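Below: the structure, in structure tokens.
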Amino acid sequence: MKTFLFLSGPLVLAVLVVAPARSQEIPAAPSREVRAIGRSVNILDEEGDVVCSVRRGTSMKAVGRHVNEEDLQVQVSARNCKTSGPTFIDRTYVRPLNADGSVNGNAVVDTEGLNFRSRPSANSRAHCTLHENQKVQVIDENPPGVRQGAWVKIRLSEPASGCPDEGFVNTSYLTSTDTYQDLPLTGSQIPLPPPRLESGLGCATGECGKENKNIDQLGEVVGPQNLFVDELQKLIKKPSHRPRNLNKARGMVQLPLCSKKGFIGPFNSFHYDPASPGPVGADAYANPLTACAFSSVLHDWDKQKAQLCPAGSDCQIAWGDISHPNKKRFNGHKSHTRGQCIDIRPIMKGGFSNEPLCHRDVYRGGGKRRRLVCSGAKYDRATTQKFVAMLKERGGEVIFNDPSIKASRAGGHDNHIHVCFNNNANSRKACDNFKPTTPLCPVSNL
Amino acid sequence: MMISLLFALSFAHADPLPSCGSRLMAFNVYEQVVNNRIVEKHSVFEVGDWSDSSAFDGVVMKNSEDAALVLEVETRRSASGKPLSSKQYEFSPWESDPAYRTARHFDPREAFRAISHKGGAFVFRLLKNKTSQCEDLYVIAREEED
């Protein structure tokens, strides 16, 4: 009897548990139909690596919202998107569908003073500006003649005086009013590793011998100085490669830093605001090809300083935000999401100090907008021109608003250079040819 | 008599405050390689508009300025908008450079956090006995194309 009870107990319990499931309908998990609005939108795995891309107009089922509140978990039926784990899409690049299959274009402006333009171009006339949280209706996701996904045509329900009913805005500044609150939370944050700090102190004093070894923050010898570049080159050829001694997140790698506070970057570069947003180095994640091409610029600039820079000038490259391992839109950036773009200060005259070039338009003569506070006397235009030329030669696409410098223009880029190293022949060539001959961190305080 | 008094008062009210100019300066503290050693340095420079690429760590004024001056920091959603917040900070000696006093508890990143990614404006004002001595308006700039 005792034995019978022992054996039958779990059996009875199992029947009790299973029985209701047979007699009741299991409620369907909430899901939503969404449609891709970008020309080619990446589908990501849980670690943020790209699984595949889907074309504009592709419909998919959203089954959850990621805890980062930026992505949706989606089920994609495309054959090349099959993977064993869950897949995600950036919710900026999808629009929810109404019950009848039409796109829900209800959105709000997510910045103050958004230009409402006559044509889908930053060079077109702005009719007026829109206010933060102002409601709009997207009526054309892909206006003809523009890069898809960059500009949308919208209609205002209550246009202010002087504003027409319809016009164009940069799509980056619109947020769907649909926050997908009915979908369950899913996914997890990528744990933020400690910053990758490199030490080359021994090498700088010649103690490393012929191998020119590198020492990490734990004092461990991790290999020759160009290990960083070797690992990047392997990663570019094989994205699944797990690089030694490099932090990796969302398909990006962290640029090594040479000092505890993070101001000293590779090859004698300067990294400004390294702890914003903290911890140190969380803003220094780059796509492997970008990291490689940009490092080649840092290395070669440092080696050629004597020829490129005027006498008495430190001529140091000061770089800031790249991308963040977790936050796609950190510091308000919308073009620093995949580690391909870097903010860099223009070159300054004289000895280097962590002094920003004033934001006010020193390049536009100062009279057009407001009174001029900064003289711009420290700005070294001639050397900045050489630096921009080197960036472009290595495949960089440059935005900078000094009209004397050959680059693209865009609002907000008066006081810094914005360079993106996309996958092109020049950036690949720059990386393939990059064989560093000087230490990554000539000096460190680790 | 009454009319001329009103006239004078209206003009007095319309007078803008003078600029603080170089009385109030911004600073950054950072690391730099000097003679193969990493040392901590600081730079003092004119206050300018705020952005991720032109951020500063705080503000200072020379010791020769009146020690009773107080810094008032006002934030706005736009240059002509209503104040969002306003806070006052006292100055005290700056350990990085004895020639200056610093608004010790003023952290611009913290003060501008709420609006720095959306764009807005801030006002620096020097007060003495609660009376404004000078002020300057600066833009908090977005670093994105629009």
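On a 0 to 90° scale, report how tilted helix B:2-14 is relative to the longest principal axis of chain B, with both axes built from alpha carbons and the result rounded to the nearest 10. The two axes meet at around 10 degrees. Projecting the Cα atoms of A:Asn115, A:Asn133, A:Thr58 onto the charge dipole of segment A:53-144, computed from C-beta unit charges around the Cα centre, puts A:Thr58 farthest toward the positive end.
Anything over 31 Å Cα to Cα? Flag those among A:Lys328/A:Lys378; A:Lys237/A:Lys392; A:Lys406/A:Lys435; A:Lys378/B:Lys62; A:Lys327/A:Lys349; A:Lys248/B:Lys87, in the order listed.
Working: A:Lys328/A:Lys378 34 Å; A:Lys237/A:Lys392 23 Å; A:Lys406/A:Lys435 28 Å; A:Lys378/B:Lys62 22 Å; A:Lys327/A:Lys349 35 Å; A:Lys248/B:Lys87 41 Å.
Among A:Lys328/A:Lys378; A:Lys237/A:Lys392; A:Lys406/A:Lys435; A:Lys378/B:Lys62; A:Lys327/A:Lys349; A:Lys248/B:Lys87, the Cα-Cα distance tops 31 Å for A:Lys328/A:Lys378; A:Lys327/A:Lys349; A:Lys248/B:Lys87.
The H on the amide N of A:Ile43, modeled in the peptide plane, is under 5 Å from the matching H of A:Val51, A:Cys52, A:Ser53, A:Val54, each at least 5 residues off or on a different chain. For the residues of B:31-42, the average number of beta carbons from a partner chain within 10 Å of their own beta carbon is 5.
Peptide A:329-336 has a mean of 4 when you count, residue by residue, the C-beta atoms of other protein chains within 10 Å of its C-beta.
The residues packed around B:Leu69, meaning those with a beta-carbon under 13 Å from its beta-carbon, carry a net charge of +1 if Lys and Arg are +1 and Asp and Glu are -1.
Ordering of A:383-396, B:78-91 by packing is A:383-396, B:78-91, highest average first (other Cβ atoms within 10 Å, averaged per residue). Of all lysines in the structure, those lying under 21 Å Cα to Cα from A:Lys61, and not within fewer than 8 positions of it along the same chain, are A:Lys82.
Rounded to the nearest 500, the helix-only mean residue ellipticity at 222 nm of chain B stands at -3500 deg cm²/dmol, with each DSSP H run of n ≥ 4 adding -39,500 (n - 2.57).
What's the magnitude of the charge dipole for segment B:23-140 around its Cα centre, counting Lys and Arg as +1 and Asp and Glu as -1 at the beta-carbon? Answer in Debye, nearest 20. Roughly 380 debye, rounded to the nearest 20.
Within the set of other residues whose C-beta is less than 15 Å from the C-beta of A:Glu166, count the net charge using Lys and Arg as +1 and Asp and Glu as -1. Working shown, then result.
Values: positive: A:Arg117, A:Arg119, A:Arg125, A:Lys135, A:Lys153, A:Arg155; negative: A:Asp140, A:Glu141, A:Glu158, A:Asp165.
Counting the neighbours of A:Glu166, the net charge comes to +2.
For A:Glu112, A:Glu397, the sequence from fewest to most other C-beta atoms within 10 Å is A:Glu397, A:Glu112.
Here, each number is a calculation from the coordinates, and none is a lab measurement. Quantities reported herein were computed from a predicted structural model and do not represent experimental measurements. Here Cβ is always computed from backbone atoms with ideal geometry, including for glycine, and neighbour counts include all displayed protein chains.
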